[in-house]
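As structure tokens, the structure follows; a few thoughts come after it.
Here, each number is a calculation from the coordinates, and none is a lab measurement. Here the structure is a predicted model, which is why all the values come from computation and not from measurement. Here the Cβ positions follow ideal geometry from the backbone for every residue, glycine too, while neighbour counts run over all protein chains shown.
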Amino acid sequence: MNKVIEIHDIVKNYQVGSVIVRALRSVSVNIDRNEYVAIMGPSGSGKSTLMNLLGCLDTATSGSYILNGTDVSKMEDDFLAEIRNKEIGFVFQTFNLLPRYTALENVTLPLIYAGLPKADREKVAVETLDQVGLADRMTHKPNELSGGQRQRVAIARALVNKPSIILADEPTGNLDSKTSLDIMGLLDDIHKKGNTVIVVTHEVDIAKHAARIIRLFDGEVAEDFMNEKYVKA
């Protein structure tokens, strides 16, 4: 089976007072293993809602979602959390690092939830920080790191459980243009090593790193096409 994500006729409605907000309207998307996909759309298009559903942070009102062969559409929160920790590595615009923890401690956290023994946790976390070029910053806390370094820690944390998917939500939103290029270069490398990478962005320059672009508008897939500007190194 080559598909890592299969969503079919996904609908997501929110009740706001007496009004029903239709965030996603019958969205169907398949994503293959080792694809590099950008999800784009203006504010209110449904891209954040879709990201939350893909990341098992929320469930749909109706429709089906098969993640790596498992139907997660109707799972309870506890099971979703387990799937999330195993299958998905998250990278957020705001880094979401714990301020009192060192880089190494932040990266180790998912391994604690996964139940890995302490000695193994540290070994794997050290290797992963080295992979993102932060071998010399492991004992630093977030306030002792630059924005780019903090995002590298967040990427290491996303990678440490060897998930099926890296899901990056506006990963360069808080970074300057040079650092943004560095971070996207790192995500490009991660994709080349075999990960499925999904980037949620409103920036064309960021989306062009992906081989495929899905554009949402008013809760529907408006376009789904291969990116002509994408060139494999």
Identify all lysines with a Cα-Cα distance to Lys86 below 22 Å; exclude those on the same chain that are fewer than 8 residues away in sequence. Lys3, Lys74, Lys118, Lys123, Lys162, Lys192, Lys193
Specify the residue with the greatest mean-square fluctuation among Val21, Val200, Val37, computed from a Gaussian network of the chain linking alpha-carbon atoms under 10 Å apart. Val21
Using a 10 angstrom cutoff on alpha carbons, build the Gaussian network for the chain and name the most mobile of Leu54, Leu181, Leu129. Leu181
Test of understanding: ordering Asp136, Asp9 by Cβ neighbours within 10 Å, fewest first, what list do you get? Asp136, Asp9
Please compute the Kirkwood hydrodynamic radius of the chain from all pairs of different C-alpha atoms, in Å with one decimal. 18.2 Å
For Glu76 and Arg100, FRET efficiency with R0 = 41 Å and r from the beta-carbon atoms, rounded to 0.05? 0.85
What order, most packed first, do the peptides 219-225, 40-46 have when packing is the mean number of other Cβ atoms within 10 Å of each residue? 40-46, 219-225
With a cut-off of 8 Å between alpha carbons and a minimum separation of six or more residues, what is the relative contact order of the chain in percent? 28 percent
Give the relative contact order (percent, whole number) for segment 1-117; include only Cα pairs under 8 Å separated by 6+ residues. 24 percent
Helix 77-87: angle to the longest alpha-carbon principal axis of the chain, degrees 0 to 90, nearest 10? 60 degrees
For segment 106-123, what does the Karplus curve 6.51 cos²θ - 1.76 cosθ + 1.60, with θ = phi - 60°, yield as ³J(HN,Hα) per residue in whole Hz, taken in order and with x for Gly and Pro? 4, 6, 6, 3, x, 6, 5, 4, 7, x, 6, x, 4, 4, 5, 4, 5, 4
Picking from Asn161, Asn34, Asn96, which is most flexible by a Gaussian network model of the chain using Cα springs under 10 Å? Asn96
Mean-position separation - Cα centroids, segment 175-233 and segment 1-75, in angstrom: 18 Å
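Hey, what did segment 111-197 get for relative contact order, percent, Cα under 8 Å, at least 6 apart?
That works out to 27 percent.
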In degrees between 0 and 90, to the nearest 10, how far off the longest principal axis of the chain does helix 147-159 point, with axes built from Cα atoms? 70 degrees
